[in-house]
Amino acid sequence: MLLKVHSCGVCRTDLHIVEGELTEPKLPLILGHQIVGTVVELGPKASESTDALPETDAPRVEPGVRVGVPWLGWTDGTCPYCLSGRENLCDQARFTGYDIGGGYAEYAVADARYCFPIPEGYPDLQAAPLLCAGLIGYRALRLAGDGRRLGIYGFGAAAHILVQVARHQGRTTYAFTRPGDDEGQRFALRMGAHWAGGSLDVPPEPLDAAIILAPVGDLVPQALRQVAKGGVVVCGGIHMSDIPSFPYQILWEERMVRSVANLTRKDGHEFLRLAPQIPVGTRVRAFPLEEANEALDELRAGRIEGAAVLMVDEEATSAWATSGRGPWSPGGR
Ligand SMILES: [Zn+2]
Ligand SMILES: [Zn+2]
């Protein structure tokens, strides 16, 4: 489908690509894998390809429909991973804004089968962060198990959504920021965390699980030390600095360390159905498309509270905005 891009979220993965930490991008490349846009034109096989999909809430593919494009842009459907419900691990997967041109642009082309409908009531800017920050956070939360006491290391775009989902599920959440980041800790508390502290702090009770969303390998042993017997540490990022060696004793007693990679379409449909029910609000800072580099700089410097989003088509975006506080507005409850 040819899409007119309204907005596109800025993700830490975009920074890892720009800085060469992810080493195999298609070049030249247009970044951006949290695209909100409307369908302009269909390719010859677009509607027949989505008719064949089992998901009932795949978006209608017709001009004018608003859709979201996530990181997972294409899979082969035939490898052992795809055939066992793990298309996030597909051997041949192609990713938006990495192997496929992304959404830091006025137009983008996407495979209709991998797009999502945007939940109603979410304006373009507020919807964009749901498409990666939200989805990856949701998958990480699922892999963290059902434990009540959840630690979140790194309080950025993914965490500010994740904390709302975890709270909705009745969990107690502990947010860890860079030591001394009082502003970040206040933000975490405002978004619903029960406790906030620095990454070296000891939470008031041991954790059943910790999700690490900052690309800092040192956090792995730090989180492991706070996790109770049988607990899990989930690394949510696509890139992380080296993990320092640590004593076996902190892994002993069935503690686990694991990563979370990409997303499946099932994750996406589940999360986008859930988000408006909670309702998940997103805090966004908008940048015009021509300031994409400034948005990346601000993200690198840790100066974004919530998520950075490129406002590509201001006119379309304001047409989709709803007045007053919607479910998308944090603190609007
Ligand atoms: Zn992302
Ligand atoms: Zn596959």
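Where a number appears in this text, it was derived from the coordinates with a stated rule and is not lab data. Small disclaimer: the values here were computed from a predicted structure and weren't measured. Counting neighbours? That spans all protein chains shown, and the Cβs are built from the backbone with ideal geometry, glycine included.
Could you work out the local net charge near Arg255, counting Lys and Arg as +1, Asp and Glu as -1, over the other residues with Cβ closer than 12 Å to its Cβ?
Values: positive: Arg225, Lys229, Arg258; negative: Asp208, Glu253, Glu254.
Computed value for this residue: 0.
Using the crude model of +1 on Lys and Arg Cβ and -1 on Asp and Glu Cβ, and no other charge, please compute the dipole size for region 110-232 relative to its Cα centre, in debye to 20.
Dipole magnitude for region 110-232 comes out near 340 debye.
Among Trp195, Leu299, Val36, flag the residue with its Cα farthest along the positive direction of the charge dipole of the chain, charges on Cβ as +1 for Lys/Arg and -1 for Asp/Glu.
Working it through, the farthest residue towards the positive pole turns out to be Trp195.
Nearest 5 percent is fine: what portion of the DSSP beta bridges confined to the chain is antiparallel?
Numbers: 21 of 49 bridges.
Once the DSSP bridges in the chain are tallied, antiparallel ones form about 45 percent.
Among rounded, prolate and oblate, which fits region 134-259 when a ≥ b ≥ c are the square roots of the eigenvalues of its C-alpha gyration tensor, a/c under 1.5 means rounded, and a/b larger than b/c means prolate? Please report the intermediate quantities before stating the final value.
Details: a/c = 1.40, a/b = 1.27, b/c = 1.11.
It comes out rounded by the Cα gyration axes.
Which one, Ile17, Val5, Pro70, projects farthest toward the positive side of the charge dipole computed for the chain from Cβ point charges (K/R +1, D/E -1)?
After comparing all options, I get Pro70.
Given charges of +1 on the Cβ of Lys and Arg and -1 on the Cβ of Asp and Glu, with all other atoms neutral, how large is the dipole of region 87-131 about its Cα centre, in debye to the nearest 20? Could you put the intermediate results ahead of the total?
Working: 2 positive and 7 negative charges, 4 e Å.
In debye, rounded to 20, region 87-131 gives about 20.
How many angstrom lie between the C-alpha centres of region 233-302 and region 65-96?
18 Å
Note down the magnitude of the dipole of the chain about its Cα centre, charges +1 on Lys and Arg C-beta and -1 on Asp and Glu C-beta and zero elsewhere, to the nearest 20 debye. Display every interim value, and only then the final one.
Numbers: 31 positive and 40 negative charges, 236 e Å.
Using Cβ point charges on Lys, Arg, Asp and Glu, the chain gives about 1140 debye.
How would you classify region 59-111 from its alpha-carbon gyration tensor, with a ≥ b ≥ c the square roots of the eigenvalues: rounded for a/c under 1.5, else prolate if a/b is greater than b/c, otherwise oblate? Can you show the working numbers first?
Numbers: a/c = 3.22, a/b = 1.68, b/c = 1.91.
Oblate shape, in that a/c is at least 1.5 and b/c is the bigger or equal ratio.
Which order results if Arg303, Arg66 are arranged by neighbouring Cβ count within 10 Å, fewest first? Mind dumping the intermediate values first?
Values: Arg303 11, Arg66 20.
Ordered by Cβ neighbours within 10 Å, fewest first: Arg303, Arg66.
Test of understanding: given the chain, find the longest segment containing no GluC sites (Glu not before Pro) that are in a DSSP loop and have at most 16 other Cβ atoms within 10 Å.
Details: sites that count: Glu19, Glu21, Glu55, Glu106, Glu120, Glu253, Glu254.
In short, 121-252.
Work out how much length Thr23 to His239 would gain on full extension: take 0.36 nm times their residue separation and subtract the Cα-Cα distance, in nm to one decimal.
Working: separation 216, 0.36 × 216 = 77.76 nm, distance 1.08 nm.
Extra length available between Thr23 and His239 comes to 76.7 nm.
So what's the net charge close to Cys90: Lys and Arg +1, Asp and Glu -1, counting the other residues with Cβ under 12 Å from its Cβ?
On the way: positive: Arg86, Arg94, Arg265; negative: Asp76, Glu87, Asp91, Asp99.
That sum, taken over residues with Cβ under 12 Å, equals -1.
For Gln92, what residues show an amide H to amide H distance below 5 Å, using hydrogens built from the backbone and excluding near sequence neighbours?
Close amide H contacts, sequence-distant or interchain: Asp76.
Below 11 angstrom from the Cβ of Val234, what's the summed charge of the other residues (Lys, Arg +1; Asp, Glu -1)? Before the final figure, lay out each step's value.
On the way: positive: Arg139, Arg142, Arg258; negative: none.
Local net charge: +3.
Please state, to two decimals, what the Cα-based radius of gyration of the chain comes to when divided by 2.2 N^0.38 Å (N = residues). Intermediate results must be reported in sequence, preceding the final value.
Working: Rg = 19.1 Å, N = 333, 2.2 N^0.38 = 20.0 Å.
Ratio of Cα Rg to 2.2 N^0.38 Å: 0.96.
Could you give me the ³J(HN,Hα) list for region 204-219, computed from phi with Karplus coefficients 6.51, -1.76, 1.60 and θ = phi - 60°, whole Hz, x at Gly and Pro?
x, 9, x, 9, 7, 7, 9, 10, 9, 10, 9, x, 10, x, 4, 6
Return the long-range amide H neighbours of Trp195 (sequence gap of 5 or more, or a different chain), with a cut-off of under 5 Å between placed amide H atoms.
HN-HN under 5 Å from Trp195: Thr173, Ala175.
Ratio of region 216-329's C-alpha Rg to 2.2 N^0.38 Å, to two decimals?
Details: Rg = 19.2 Å, N = 114, 2.2 N^0.38 = 13.3 Å.
The reported ratio for this selection is 1.45.
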